[in-house]
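K.L.:
Take a look at this one; I'll ask things after.
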């Protein structure tokens, strides 16, 4: 599990001191590495799972900051809350909800992070509009996600494992950028990870996924 996580861009220091149950070996990158979090900021994690990225973010924002994790699965919310309680974390909380309908107030968040979750949404444009709504003016989006670089073969689109594994729902790079622009985001930057092909090949070595999709870092600002 640790080797998988390190391959995504996390360090040994990141893994130390984090509740073991929080690290599920999921994701396609490390959004914390690009978020440049500051002391006192409010951070929102879309699709927080067991709380791994939230627990990393809380270190950087400190006790004066707050990290909010949102997940649509009651089991994940329960797991993350238990992890936080056992570790005595007071600057992180987890809310049950959908990323298309965030249980978060308007203009209340400094930074939004997410790790390979938005591609799973059937209404990605709604996700970006919600993200824009909850960000403060000057707030920023820093996410890792899988995007399509060319047309997906029908066998991959119909593969249930690919649907749940962040592949079948991947959207074209150009379409993602257009959705973000329509939502109001500026300074949009989309870059493939250096080891994107290695990450994708490790998921399904026999399907050549790396020829159709890529792991990207996606950044933008709400001016």
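Each value in this text was obtained by applying a stated rule to the coordinates, not by laboratory testing. The structure presented is a predicted model; accordingly, all values stated were derived computationally and were not measured. Here the Cβ is made from the backbone with ideal geometry for all residues, glycine too, and neighbour counts use every protein chain on show.
K.L.:
Over the Cα atoms of the range 100-223, each weighted equally, I'd like the Debye log10 I(q)/I(0) at q = 0.12, 0.18, 0.21 Å⁻¹, rounded to two decimals.
P.N.:
So the normalised log intensities work out to -0.44, -0.91, -1.15.
K.L.:
Which order, highest average first, do 99-108, 209-218 follow once you tally other Cβ atoms within 10 Å for each residue and take the mean per peptide? Spell out each step's value before the answer.
P.N.:
Numbers: 99-108: 15.1, 209-218: 21.7.
Taking the mean over residues of other Cβ atoms within 10 Å, the ranking is 209-218, 99-108.
K.L.:
Per residue and in Å³, how big is the convex hull formed by the alpha-carbon atoms of the range 96-148?
P.N.:
Details: hull volume 4.3 nm³, N = 53.
Spelled out: Cα convex hull of the range 96-148, divided by residues, is 81 Å³.
K.L.:
With N set to the number of residues, divide the alpha-carbon radius of gyration of the range 2-221 by 2.2 N^0.38 Å and report two decimals.
P.N.:
0.96
K.L.:
What is the order of 72, 179, fewest Cβ neighbours within 10 Å to most?
P.N.:
Working: 72 16, 179 19.
Fewest-to-most ranking of 72, 179: 72, 179.
K.L.:
Now for a separate question. Please compute the modelled spin-label separation between residue 108 and residue 21, points set 7 Å along Cα→Cβ, answer in nm with one decimal.
P.N.:
Reported label-point gap for residue 21 and residue 108 is 2.7 nm.
K.L.:
As a test, work out the antiparallel percent of DSSP beta bridges whose residues both lie in the chain, rounded to the nearest 5.
P.N.:
Given both bridge residues lie in the chain, the antiparallel proportion sits at roughly 40 percent.
K.L.:
Using mean Cβ contacts within 10 Å as the protection proxy, how do 39-52, 185-198 order, highest first?
P.N.:
Descending mean neighbour count gives 39-52, 185-198.
K.L.:
Label residue 72 and residue 181 with points 7 Å out from Cα along Cα→Cβ: what is the distance between them in nm?
P.N.:
Using points 7 Å along Cα→Cβ, the separation is 2.8 nm.
K.L.:
Assuming R0 = 45 Å, what is the FRET efficiency of residue 206 and residue 82, from their Cβ-Cβ distance, to the nearest 0.05?
P.N.:
0.75
K.L.:
Same structure, new question: Rounded to a whole number of µm²/s, how large is the Stokes-Einstein D of the range 29-120 at 10 °C and 1.306 mPa s, given Rh as the Kirkwood radius over C-alpha pairs?
P.N.:
123 µm²/s
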